[in-house]
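This report concerns only the one structure given below.
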Amino acid sequence: MTLPLLQSLRDSYAFDVTPKFDDLGVFHVPFESMGDGAPVETRMHEGVLRGERIALIAESGCGKSSVISFLLGPTAEGVFPVRVPVHSLGHEVTNADHVADMALAQLALDATTAVTADGIAGSASGSRRELTRSAARIRRLGAQAPAGLLTGAVAEEIRRQESTSQPIGLPEKVEVIFQCLQPLQQDALMPVFVFDDTDRWSASREEEIVEGFFGRAIRWLTDLPAAVIVATHTHYLDSGSGGESLLQFLDTRVKLPRLPSADQLGRILMARVRVHLEGEGPHAAPSELGDVVAESAINALFDQYREGASLRRVLQLAHIALAEAADAGAGRILDHHISAAIRA
Ligand SMILES: Nc1ncnc2c1ncn2[C@@H]1O[C@H](COP(=O)(O)OP(=O)(O)OP(=O)(O)O)[C@@H](O)[C@H]1O
Ligand SMILES: [Mg+2]
(Lines give C-alpha, C1' and ligand atoms only; values in the text may rest on other atoms or scores of the structure.)
(Ligands and ions follow the chains in the order given, each with its own letter.)
Protein backbone atom coordinates (compact mmCIF):
# COMPACT_ATOMS: atom_id res chain seq x y z
CA MET A 1 0.00 0.00 0.00
CA THR A 2 1.14 3.58 -0.30
CA LEU A 3 3.12 5.12 2.51
CA PRO A 4 0.60 7.97 3.07
CA LEU A 5 -2.16 5.40 3.65
CA LEU A 6 0.02 3.44 6.05
CA GLN A 7 0.80 6.68 7.85
CA SER A 8 -2.88 7.51 7.92
CA LEU A 9 -3.56 4.17 9.64
CA ARG A 10 -0.83 4.93 12.16
CA ASP A 11 -2.10 8.45 12.80
CA SER A 12 -5.67 7.33 13.32
CA TYR A 13 -4.59 4.57 15.72
CA ALA A 14 -6.20 1.91 13.56
CA PHE A 15 -5.11 -0.85 15.95
CA ASP A 16 -5.96 1.08 19.12
CA VAL A 17 -6.44 -1.49 21.89
CA THR A 18 -8.81 0.60 23.94
CA PRO A 19 -11.31 2.16 21.55
CA LYS A 20 -14.48 3.70 22.87
CA PHE A 21 -17.06 1.16 23.92
CA ASP A 22 -19.32 1.94 20.93
CA ASP A 23 -16.45 1.52 18.47
CA LEU A 24 -15.60 -1.92 19.84
CA GLY A 25 -18.85 -3.12 18.27
CA VAL A 26 -18.05 -1.49 14.94
CA PHE A 27 -14.72 -3.33 14.77
CA HIS A 28 -16.18 -6.61 15.99
CA VAL A 29 -15.77 -9.70 13.84
CA PRO A 30 -18.37 -12.20 15.08
CA PHE A 31 -16.78 -15.18 16.76
CA GLU A 32 -19.45 -17.36 15.21
CA SER A 33 -18.13 -16.50 11.76
CA MET A 34 -14.69 -17.78 12.60
CA GLY A 35 -14.78 -21.47 12.23
CA ASP A 36 -15.90 -23.95 14.83
CA GLY A 37 -19.54 -23.08 14.29
CA ALA A 38 -20.40 -22.25 17.92
CA PRO A 39 -23.21 -19.69 17.57
CA VAL A 40 -21.80 -17.23 20.10
CA GLU A 41 -23.42 -13.95 19.06
CA THR A 42 -26.71 -15.51 17.90
CA ARG A 43 -27.01 -17.47 21.13
CA MET A 44 -26.41 -14.34 23.18
CA HIS A 45 -28.75 -12.20 21.13
CA GLU A 46 -31.55 -14.72 21.43
CA GLY A 47 -30.83 -15.24 25.11
CA VAL A 48 -30.97 -11.52 25.79
CA LEU A 49 -34.30 -11.17 23.99
CA ARG A 50 -35.64 -14.05 26.10
CA GLY A 51 -34.51 -12.33 29.29
CA GLU A 52 -31.83 -14.85 30.21
CA ARG A 53 -29.05 -14.17 32.69
CA ILE A 54 -25.82 -14.74 30.86
CA ALA A 55 -22.27 -15.22 32.08
CA LEU A 56 -20.03 -14.17 29.20
CA ILE A 57 -16.81 -15.99 29.91
CA ALA A 58 -13.32 -15.31 28.56
CA GLU A 59 -9.82 -14.39 29.66
CA SER A 60 -8.94 -10.73 29.96
CA GLY A 61 -8.55 -8.93 26.64
CA CYS A 62 -10.23 -11.67 24.61
CA GLY A 63 -13.42 -10.06 23.40
CA LYS A 64 -16.12 -9.78 26.11
CA SER A 65 -16.64 -6.04 25.78
CA SER A 66 -16.34 -6.36 22.01
CA VAL A 67 -19.24 -8.84 21.89
CA ILE A 68 -21.34 -6.75 24.28
CA SER A 69 -20.80 -3.60 22.25
CA PHE A 70 -21.63 -5.45 19.04
CA LEU A 71 -24.88 -6.81 20.44
CA LEU A 72 -25.99 -3.86 22.56
CA GLY A 73 -24.46 -0.84 20.84
CA PRO A 74 -26.24 2.50 20.86
CA THR A 75 -28.76 1.59 18.21
CA ALA A 76 -29.34 -2.09 18.96
CA GLU A 77 -32.84 -3.27 18.26
CA GLY A 78 -35.39 -4.58 20.74
CA VAL A 79 -33.25 -4.04 23.81
CA PHE A 80 -32.68 -1.36 26.41
CA PRO A 81 -29.16 -1.87 27.77
CA VAL A 82 -28.28 -0.54 31.21
CA ARG A 83 -24.53 -0.72 31.77
CA VAL A 84 -24.08 -0.66 35.51
CA PRO A 85 -20.61 0.70 36.39
CA VAL A 86 -19.99 -1.29 39.54
CA HIS A 87 -16.23 -0.84 39.52
CA SER A 88 -16.47 2.47 41.33
CA LEU A 89 -18.18 0.73 44.26
CA GLY A 90 -14.89 -0.83 45.31
CA HIS A 91 -15.48 -3.45 47.96
CA GLU A 92 -19.10 -2.33 48.27
CA VAL A 93 -19.69 -4.27 45.08
CA THR A 94 -20.52 -7.21 47.32
CA ASN A 95 -23.39 -5.26 48.86
CA ALA A 96 -26.73 -5.84 47.10
CA ASP A 97 -28.16 -2.51 48.29
CA HIS A 98 -25.33 -0.54 46.77
CA VAL A 99 -25.45 -2.44 43.50
CA ALA A 100 -29.23 -1.95 43.31
CA ASP A 101 -28.80 1.78 43.99
CA MET A 102 -26.29 2.01 41.20
CA ALA A 103 -28.50 0.05 38.82
CA LEU A 104 -31.43 2.34 39.60
CA ALA A 105 -29.32 5.46 39.13
CA GLN A 106 -28.00 4.18 35.80
CA LEU A 107 -31.47 3.17 34.66
CA ALA A 108 -32.77 6.64 35.51
CA LEU A 109 -29.88 8.24 33.66
CA ASP A 110 -30.23 6.08 30.54
CA ALA A 111 -33.98 6.47 30.48
CA THR A 112 -33.85 10.23 30.89
CA THR A 113 -31.40 10.48 28.01
CA ALA A 114 -33.55 8.25 25.86
CA VAL A 115 -36.88 9.99 26.47
CA THR A 116 -35.64 13.35 25.33
CA ALA A 117 -36.36 13.08 21.62
CA ASP A 118 -33.53 15.50 20.88
CA GLY A 119 -31.38 13.54 23.25
CA ILE A 120 -31.46 10.53 21.00
CA ALA A 121 -30.27 12.43 17.97
CA GLY A 122 -27.91 14.42 20.16
CA SER A 123 -26.23 11.42 21.67
CA ALA A 124 -26.02 9.67 18.32
CA SER A 125 -24.19 12.44 16.57
CA GLY A 126 -22.62 14.17 19.53
CA SER A 127 -20.97 11.76 21.87
CA ARG A 128 -20.08 9.08 19.38
CA ARG A 129 -16.98 9.40 17.31
CA GLU A 130 -17.32 9.65 13.59
CA LEU A 131 -16.23 6.07 13.27
CA THR A 132 -19.41 4.72 14.75
CA ARG A 133 -21.27 5.72 11.60
CA SER A 134 -19.97 2.46 10.27
CA ALA A 135 -22.24 0.75 12.75
CA ALA A 136 -24.85 0.95 10.03
CA ARG A 137 -23.02 -1.85 8.33
CA ILE A 138 -23.74 -4.13 11.21
CA ARG A 139 -27.21 -5.37 12.06
CA ARG A 140 -28.47 -2.21 13.62
CA LEU A 141 -31.46 0.00 13.12
CA GLY A 142 -32.62 3.17 14.71
CA ALA A 143 -32.87 3.26 18.47
CA GLN A 144 -36.37 3.19 19.83
CA ALA A 145 -37.27 5.70 22.45
CA PRO A 146 -38.97 4.10 25.40
CA ALA A 147 -41.73 6.66 25.34
CA GLY A 148 -43.25 7.35 28.70
CA LEU A 149 -40.38 5.89 30.66
CA LEU A 150 -39.83 7.62 33.93
CA THR A 151 -42.88 9.73 33.44
CA GLY A 152 -45.90 10.03 35.68
CA ALA A 153 -46.08 7.77 38.65
CA VAL A 154 -42.68 6.19 38.22
CA ALA A 155 -40.81 9.48 38.00
CA GLU A 156 -42.78 10.64 41.00
CA GLU A 157 -41.82 7.51 42.89
CA ILE A 158 -38.13 7.94 42.11
CA ARG A 159 -38.25 11.60 43.14
CA ARG A 160 -39.96 10.59 46.37
CA GLN A 161 -37.29 7.99 47.06
CA GLU A 162 -34.57 10.48 46.36
CA SER A 163 -36.03 13.19 48.56
CA THR A 164 -36.81 11.02 51.54
CA SER A 165 -34.12 10.72 54.16
CA GLN A 166 -35.52 7.36 55.17
CA PRO A 167 -33.44 4.61 53.60
CA ILE A 168 -35.54 2.00 51.90
CA GLY A 169 -34.81 -1.69 51.93
CA LEU A 170 -33.68 -3.86 49.07
CA PRO A 171 -37.16 -5.30 48.32
CA GLU A 172 -38.55 -1.77 47.94
CA LYS A 173 -35.66 -0.78 45.68
CA VAL A 174 -36.24 -3.81 43.52
CA GLU A 175 -39.91 -2.89 43.37
CA VAL A 176 -39.02 0.63 42.17
CA ILE A 177 -36.77 -0.83 39.48
CA PHE A 178 -39.54 -3.25 38.56
CA GLN A 179 -41.95 -0.33 38.11
CA CYS A 180 -39.41 1.51 35.97
CA LEU A 181 -39.13 -1.47 33.66
CA GLN A 182 -42.85 -1.70 32.95
CA PRO A 183 -43.00 1.00 30.24
CA LEU A 184 -40.05 -0.66 28.50
CA GLN A 185 -41.98 -3.86 28.27
CA GLN A 186 -44.95 -2.01 26.85
CA ASP A 187 -42.61 -0.74 24.15
CA ALA A 188 -41.45 -4.32 23.52
CA LEU A 189 -37.94 -3.50 24.68
CA MET A 190 -36.05 -6.02 26.78
CA PRO A 191 -34.08 -4.37 29.56
CA VAL A 192 -30.53 -5.77 29.81
CA PHE A 193 -28.46 -5.10 32.90
CA VAL A 194 -24.82 -5.30 31.87
CA PHE A 195 -21.94 -5.71 34.30
CA ASP A 196 -18.88 -5.35 32.10
CA ASP A 197 -16.34 -3.85 34.47
CA THR A 198 -15.96 -6.82 36.79
CA ASP A 199 -12.34 -7.27 35.73
CA ARG A 200 -11.04 -4.29 37.61
CA TRP A 201 -11.55 -5.62 41.08
CA SER A 202 -8.74 -5.49 43.55
CA ALA A 203 -6.51 -8.49 43.05
CA SER A 204 -5.73 -8.82 46.73
CA ARG A 205 -9.31 -9.57 47.75
CA GLU A 206 -10.55 -10.88 44.45
CA GLU A 207 -11.87 -14.20 45.67
CA GLU A 208 -13.91 -12.60 48.42
CA ILE A 209 -15.28 -9.99 46.01
CA VAL A 210 -16.14 -12.52 43.34
CA GLU A 211 -17.98 -14.60 45.90
CA GLY A 212 -19.87 -11.63 47.33
CA PHE A 213 -20.78 -10.12 43.97
CA PHE A 214 -21.98 -13.28 42.27
CA GLY A 215 -23.26 -14.89 45.46
CA ARG A 216 -25.18 -11.98 47.00
CA ALA A 217 -24.97 -8.60 45.32
CA ILE A 218 -26.74 -9.30 42.03
CA ARG A 219 -29.14 -12.05 43.09
CA TRP A 220 -32.06 -9.60 43.33
CA LEU A 221 -32.02 -9.36 39.53
CA THR A 222 -33.82 -12.72 39.38
CA ASP A 223 -36.98 -10.93 40.50
CA LEU A 224 -37.02 -8.66 37.47
CA PRO A 225 -38.28 -9.16 33.92
CA ALA A 226 -34.88 -8.34 32.47
CA ALA A 227 -31.87 -9.96 30.87
CA VAL A 228 -28.49 -9.80 32.56
CA ILE A 229 -25.00 -10.07 31.10
CA VAL A 230 -22.03 -10.42 33.41
CA ALA A 231 -18.55 -10.30 31.89
CA THR A 232 -16.88 -13.15 33.71
CA HIS A 233 -13.22 -13.98 33.79
CA THR A 234 -12.52 -17.64 33.17
CA HIS A 235 -10.75 -18.03 36.48
CA TYR A 236 -13.73 -16.70 38.48
CA LEU A 237 -15.37 -20.02 37.78
CA ASP A 238 -12.78 -21.88 39.79
CA SER A 239 -12.44 -19.34 42.58
CA GLY A 240 -13.59 -21.02 45.80
CA SER A 241 -17.32 -20.96 46.34
CA GLY A 242 -17.66 -17.94 44.00
CA GLY A 243 -17.65 -20.21 40.99
CA GLU A 244 -20.33 -22.43 42.44
CA SER A 245 -22.58 -19.48 43.30
CA LEU A 246 -22.13 -18.07 39.84
CA LEU A 247 -23.36 -21.26 38.26
CA GLN A 248 -26.54 -21.14 40.31
CA PHE A 249 -27.45 -17.57 39.49
CA LEU A 250 -26.62 -17.21 35.81
CA ASP A 251 -28.69 -19.56 33.75
CA THR A 252 -26.74 -19.29 30.51
CA ARG A 253 -23.02 -19.55 30.06
CA VAL A 254 -21.36 -18.40 26.86
CA LYS A 255 -17.66 -19.05 26.58
CA LEU A 256 -15.77 -17.12 23.92
CA PRO A 257 -13.62 -19.35 21.73
CA ARG A 258 -9.98 -18.69 20.97
CA LEU A 259 -9.23 -17.60 17.42
CA PRO A 260 -8.69 -20.73 15.32
CA SER A 261 -6.20 -19.40 12.76
CA ALA A 262 -3.99 -16.58 11.56
CA ASP A 263 -6.59 -15.93 8.85
CA GLN A 264 -9.15 -14.98 11.47
CA LEU A 265 -6.69 -12.67 13.18
CA GLY A 266 -6.17 -11.18 9.72
CA ARG A 267 -9.92 -10.54 9.42
CA ILE A 268 -9.87 -8.65 12.72
CA LEU A 269 -7.01 -6.45 11.55
CA MET A 270 -8.64 -5.94 8.17
CA ALA A 271 -11.91 -4.82 9.76
CA ARG A 272 -9.97 -2.05 11.51
CA VAL A 273 -8.14 -1.09 8.32
CA ARG A 274 -11.38 -0.76 6.35
CA VAL A 275 -13.14 1.35 8.94
CA HIS A 276 -10.15 3.64 9.35
CA LEU A 277 -9.58 4.16 5.65
CA GLU A 278 -13.23 4.86 4.87
CA GLY A 279 -12.57 8.58 5.17
CA GLU A 280 -9.79 8.39 2.57
CA GLY A 281 -12.21 7.66 -0.26
CA PRO A 282 -14.27 4.74 -1.53
CA HIS A 283 -11.36 2.74 -2.94
CA ALA A 284 -8.65 3.68 -0.46
CA ALA A 285 -8.77 0.48 1.58
CA PRO A 286 -6.76 -2.31 -0.03
CA SER A 287 -8.72 -5.41 -0.93
CA GLU A 288 -6.10 -7.73 0.55
CA LEU A 289 -4.76 -7.57 4.07
CA GLY A 290 -1.45 -8.68 2.56
CA ASP A 291 -1.10 -5.14 1.18
CA VAL A 292 -1.03 -3.83 4.75
CA VAL A 293 0.52 -6.67 6.74
CA ALA A 294 2.72 -9.31 5.11
CA GLU A 295 1.50 -12.87 5.62
CA SER A 296 4.64 -13.78 7.56
CA ALA A 297 3.97 -10.83 9.88
CA ILE A 298 0.42 -12.02 10.57
CA ASN A 299 1.78 -15.47 11.27
CA ALA A 300 4.28 -13.96 13.70
CA LEU A 301 1.43 -12.14 15.47
CA PHE A 302 -0.65 -15.29 15.57
CA ASP A 303 2.29 -17.17 17.10
CA GLN A 304 2.21 -14.69 19.97
CA TYR A 305 -1.50 -15.28 20.35
CA ARG A 306 -1.06 -19.05 20.29
CA GLU A 307 1.55 -18.77 22.99
CA GLY A 308 -1.02 -17.17 25.27
CA ALA A 309 -1.13 -13.48 24.40
CA SER A 310 -4.59 -11.91 24.52
CA LEU A 311 -6.15 -10.29 21.50
CA ARG A 312 -5.59 -6.97 23.20
CA ARG A 313 -1.87 -7.71 23.45
CA VAL A 314 -1.73 -8.82 19.80
CA LEU A 315 -3.42 -5.62 18.67
CA GLN A 316 -0.97 -3.67 20.78
CA LEU A 317 1.91 -5.39 19.00
CA ALA A 318 0.26 -4.68 15.64
CA HIS A 319 -0.08 -1.03 16.64
CA ILE A 320 3.61 -0.73 17.57
CA ALA A 321 4.65 -2.56 14.39
CA LEU A 322 2.45 -0.24 12.32
CA ALA A 323 4.21 2.78 13.80
CA GLU A 324 7.61 1.15 13.16
CA ALA A 325 6.70 0.41 9.54
CA ALA A 326 5.24 3.86 8.82
CA ASP A 327 8.17 5.63 10.51
CA ALA A 328 10.62 3.55 8.48
CA GLY A 329 8.85 4.48 5.25
CA ALA A 330 7.89 0.89 4.50
CA GLY A 331 4.93 0.09 2.28
CA ARG A 332 3.47 -2.44 4.69
CA ILE A 333 4.07 -4.16 8.03
CA LEU A 334 6.76 -6.83 7.73
CA ASP A 335 7.99 -9.63 9.92
CA HIS A 336 10.84 -7.60 11.38
CA HIS A 337 8.46 -4.80 12.44
CA ILE A 338 6.59 -7.37 14.53
CA SER A 339 9.87 -8.63 16.01
CA ALA A 340 10.80 -5.07 16.91
CA ALA A 341 7.37 -4.58 18.53
CA ILE A 342 7.83 -7.74 20.61
CA ARG A 343 11.24 -6.52 21.78
CA ALA A 344 9.96 -3.00 22.55
N1 LIG B 1 -14.21 -10.75 17.79
C2 LIG B 1 -13.47 -9.65 17.74
N3 LIG B 1 -13.42 -8.91 16.61
C4 LIG B 1 -12.65 -7.79 16.54
N5 LIG B 1 -11.92 -7.33 17.54
C6 LIG B 1 -11.92 -8.00 18.71
C7 LIG B 1 -12.69 -9.19 18.86
N8 LIG B 1 -12.50 -9.66 20.11
C9 LIG B 1 -11.66 -8.81 20.71
N10 LIG B 1 -11.30 -7.81 19.88
C11 LIG B 1 -10.40 -6.70 20.18
O12 LIG B 1 -9.49 -7.13 21.19
C13 LIG B 1 -9.33 -6.14 22.20
C14 LIG B 1 -9.71 -6.72 23.55
O15 LIG B 1 -11.09 -7.06 23.52
P16 LIG B 1 -12.09 -6.69 24.73
O17 LIG B 1 -11.80 -5.34 25.26
O18 LIG B 1 -13.47 -6.96 24.25
O19 LIG B 1 -11.66 -7.81 25.80
P20 LIG B 1 -12.35 -8.14 27.21
O21 LIG B 1 -12.58 -9.59 27.23
O22 LIG B 1 -13.52 -7.26 27.43
O23 LIG B 1 -11.17 -7.78 28.22
P24 LIG B 1 -11.29 -7.38 29.77
O25 LIG B 1 -11.59 -8.64 30.50
O26 LIG B 1 -9.92 -6.88 30.11
O27 LIG B 1 -12.34 -6.35 29.91
C28 LIG B 1 -10.19 -4.95 21.79
O29 LIG B 1 -9.37 -3.97 21.22
C30 LIG B 1 -11.16 -5.52 20.76
O31 LIG B 1 -11.46 -4.56 19.77
MG1 LIG C 1 -13.90 -5.72 28.80
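When region 167-215 is examined, which residues are found to be polar (S, T, N, Q), in a helix (DSSP H, G or I) and more than 16 Å from ligand 2 (Cβ to nearest atom)?
179, 182, 185, 186
For residue 87, the test of being within 16 Å of ligand 2 (Cβ to nearest atom), over 17 Å from residue 26 (Cα atoms), outside any loop (DSSP other than H, G, I, E, B) and at pLDDT below 90 is passed. For residues that are over 17 Å from the mean Cα position of the chain (by Cα) and among the acidic types (Asp, Glu), tally how many sit in region 65-115. So the answer is 3. When region 1-14 is filtered for residues that are out of contact with any Lys or Arg (no Cβ under 6 Å at 6 or more places or on another chain) and within 22 Å of residue 66 (Cα to Cα), the ones remaining, listed by number, are 9, 10, 12, 13.
In region 253-273 there is no residue that is more than 23 Å from the chain's Cα centre (by Cα), away from ligand 1 (no atom under 14 Å from the Cβ) and free of Cβ contacts under 8 Å to residues at least 24 places away in the same chain. Here residue 65 clears all of (1) away from ligand 2 (no atom under 13 Å from the Cβ); (2) crowded, with 20+ Cβ neighbours inside 10 Å except the condition numbered (1). Residue count for region 9-23, restricted to those that are assigned to a helix (DSSP H, G or I) and modelled with pLDDT under 90: 3. Residue 255 passes every criterion in (1) within 16 Å of ligand 2 (Cβ to nearest atom); (2) surrounded by 18 or more Cβ atoms within 10 Å (Cβ to Cβ) apart from (2).
The residue that is surrounded by the fewest Cβ atoms within 10 Å (Cβ to Cβ), among those in region 22-54 that are within 11 Å of ligand 1 (Cβ to nearest atom), under 14 Å from residue 72 (Cα atoms) and without any contact (Cβ under 8 Å) to a residue 60 or more places away in the chain, is 30. Just one of (1) in a strand (DSSP E or B); (2) on the phi > 0 side of the Ramachandran plot fails for residue 81. It is (2).
For region 149-166, state whether one or more residues are within 16 Å of ligand 2 (Cβ to nearest atom), at pLDDT below 80, charged (D, E, K, R) and exposed (fewer than 14 other Cβ atoms within 10 Å of the Cβ). Scanning region 149-166 turns up no residue that is within 16 Å of ligand 2 (Cβ to nearest atom), at pLDDT below 80, charged (D, E, K, R) and exposed (fewer than 14 other Cβ atoms within 10 Å of the Cβ). Out of 300, 262, one residue alone is at pLDDT 95 or above and surrounded by fewer than 20 Cβ atoms within 10 Å (Cβ to Cβ). It is 262.
The values are calculated or read from the model by the stated rules, or taken from the named source; none is laboratory data. The structure displayed is predicted, hence computed values, not measured ones. Because the Cβ atoms are built from the backbone with ideal geometry, glycine has one as well, and the counts that use them run over all protein chains shown.
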